[in-house]
Every structure is written in structure tokens, then in C-alpha cells.
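Working notes for the structure below.
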Amino acid sequence: MKTVRLADAETARRYPLTVTDRARWASGAVSLALPPLPAGTLLVPSLALVGEPVTPHHWTLSAPGVDWPLPEVPAQAGSTAPPSPDPRVTGEIDCWRLHAELPRATLTLKLSGPAPARYLITVSARPQVLPETETPTAIAEPAAGIPALSQLEADPAIARRICSPTSLAMLIGGLRARSSQRSREAELTEWQSIVTECRDAATGLYGVWPLAIGAAARRGFPGAVEIFGSWEEPLSVLAQGLPFVASIRFRRDALPGAPLAETGGHLVLVAGVDREYVRVFDPAAPSAESVQRDYPVNAFTTAWLRERGAAYILCP
């Protein structure tokens, strides 16, 4: 399935990947007919409302006679994810996993308020696991001006759980540096605010993708969570001088030079790539001075693209 991207004209102009159309809103909702989805598909929706806090909204995947809703965003304390009404699909916090083919399906986004003037909606899909991954076919010089932040320099009670908001803060800081210089104090203050905004009230998790996108959008950097199966489109983002955040996972010692020996899920900032290495800002480094790293391109590509291939892509 080709990624669907819908946005108002100004946001479409800013987004570094091609936007296909505008949304057809009806009573604060948008419905999209999906192509046939094979078993093994990972389906990820994303919403950004430009310059606004996260407006309560929810997504529902539907097939004839059955609905699979995702939890409302932002979640309320004490709320729980709805159980799957049909074993063909499992709904998680921010995505669906398909265990059987869906020949006909519809995706619906419903806001708690009226249709927004400025927005970005994306829906992307890919196999949950790729049998093989390909390294990039071009190079992209590393973006400059990215503030290095180590999650381990945060409150020890949460330090090992905040790779997502820490990577996001580095991404936003790097985008801000394109037009202005900020003090280190200002960067650290914004980081702390982003961490607070990314905490999910229902689960206590800091890695819920829609909350990260909402934190960026309210600061004037609308974006999306997208899932990729190759470097093609991410390379085009890097070629514009724009870093992005990537979700990686790898087995023990499979990513040489990483501060983590292994991980089932970790987010890092990708700043550039060449034939041998990927320039990464890894928030799991023990100090800000050691956050910038160069990872072997083959190992990083496997860690990122083999499973999920998720990334935060923001407008400059």
C-alpha cells in the first residue's frame, strides 16, 4: 500500500515528502477506503494539528461487520485499550497488526471538535518483518546544529524510558537551529517540557507515537509517524538537510558501537548517511558528549528497516 498523506496547502508545501491530497472532512471526521491488506501487514495512522495541543481523537479500522478502534489520543488515566473483537486484527496503542487478509477495509479518524484548518494526516503500511533489507543507494551529508541530549542525564526514575521524547527534542532543536541559535538552557528546558507532554496517562509510557507528533506540532513543527521499507524516501528527507527520528531494535551485539547491547525498541535521531556509516545521535549514550555516533550502515539498516521501519518526519 502506498502511503496516504493528506494536508492543507501550507502544511503540504512544508512537509518534506509528497502529500497526495487534502482531507475531505465531514463533521470532524475523515474516512479512507483502503486497498486490500495482506496478512502480516503493519498499519500506522498519524495526525498532526498545526500549532495546537493534542486534540482528543481516535482512529477506527473497519471491515464488513466489525470495527477495530485504537485507544483515544490523548488517553485518560485509568483507561484501557479496547479488546480485539475479531482475531484477524490486533490493535495496539498506535497501530494495527493484521493476522489475516482484509480484502475490504475503511479507516476513519474522528476528532472531538470541528475540522481543523491546518493538519497533516498520514496512513502507512508495510510487512511487519522484511526478509531482507537494502542499504541506501546514495549519501546525505549530516545535518548540522543538532543539540546532543543524553536521556541518562535526566531524572533517574525515568531516564531509561525517555528515548522517544529525547530524540524528538534533538530533532526539534536541530530544526530550530536552521533559523536561529538557542542557549543550552533553552534546549534543556524544552526537552523537559517535551518529556512531560509525551507521557501517556493510561500506561505511563513515554514512547507513544501520537503524543510525540502532537508535541512537535504544537511547537510549529507538524509531522507524522511513517513506516518505511527502504531508504528511498528517508534519503530524500536527509537530502533536504532534515534529520529524522528512527525506531530501531536489534539482538545482542548486532549494532557495533551502540551504547545498548540489545533492545526490543529504541529511538534515535538520524542525521546523515554515507556508503559505510549512518550518523546517529543516540540518546542512550551515557553523556551528551558521547551522543553523536557513526553506526555501520548494514547493521543500522537491519536494526531499523527489518521490523517496522518507523520514523518521525517533521516539517522544517
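Looking at the stretch 227-237, is at least one residue more than 18 Å from the chain's Cα centre (by Cα), surrounded by 18 or more Cβ atoms within 10 Å (Cβ to Cβ) and not assigned by TED's automatic domain parsing to the domain that holds GLU72? Spell out the reasoning first.
First, pick out the residues of the stretch 227-237 that are more than 18 Å from the chain's Cα centre (by Cα): none.
No, the stretch 227-237 has no match at all.
Here ILE93 meets each of (1) modelled with pLDDT of 95 or more; (2) within 29 Å of ASP282 (Cβ to Cβ) with one exception, condition (1).
Answer with yes or no whether ALA254 is touching a residue at least 24 places away in the same chain (Cβ under 8 Å), aliphatic (A, V, I, L, M), crowded, with 20+ Cβ neighbours inside 10 Å and at negative phi.
Details: touching a residue at least 24 places away in the same chain (Cβ under 8 Å): yes; aliphatic (A, V, I, L, M): yes; crowded, with 20+ Cβ neighbours inside 10 Å: no; at negative phi: yes.
Spelling it out, it is not the case that ALA254 is touching a residue at least 24 places away in the same chain (Cβ under 8 Å), aliphatic (A, V, I, L, M), crowded, with 20+ Cβ neighbours inside 10 Å and at negative phi.
Of the residues screened, LEU47 is one that is of a type in the set (A, V, I, L, M), surrounded by 18 or more Cβ atoms within 10 Å (Cβ to Cβ) and in contact with a strand residue (DSSP E or B) (Cβ under 9 Å, 6 or more places away or on another chain).
Condition test on GLY265, is it without any contact (Cβ under 8 Å) to a residue 24 or more places away in the chain, surrounded by fewer than 19 Cβ atoms within 10 Å (Cβ to Cβ) and farther than 22 Å from GLY51 by Cβ?
no
Of the residues making up the stretch 68-82, none is over 25 Å from ALA311 (Cα atoms) and either of a type in the set (Asp, Glu) or touching a helix residue (DSSP H, G or I) at 6+ places or on another chain (Cβ under 6 Å) (or both).
Would you kindly identify the strands (runs of 3 or more DSSP E) lying entirely within the stretch 23-98 that contain at least 3 residues that are free of Cβ contacts under 8 Å to residues at least 60 places away in the same chain?
Details: elements: 29-34, 41-49, 57-63, 66-69, 89-91, 96-98.
Correct list: 57-63, 66-69, 89-91.
Condition check for ALA138 on (1) of a type in the set (A, V, I, L, M, F, W, C); (2) in a loop (DSSP other than H, G, I, E, B); (3) under 14 Å from PRO283 (Cα atoms): one failure, at (3).
The values are calculated or read from the model by the stated rules, or taken from the named source; none is laboratory data. Being a predicted model, the structure only gives us computed values, none of them experimental. Cβ sites come from the backbone with ideal geometry, for glycine too, and all protein chains shown count toward neighbours.
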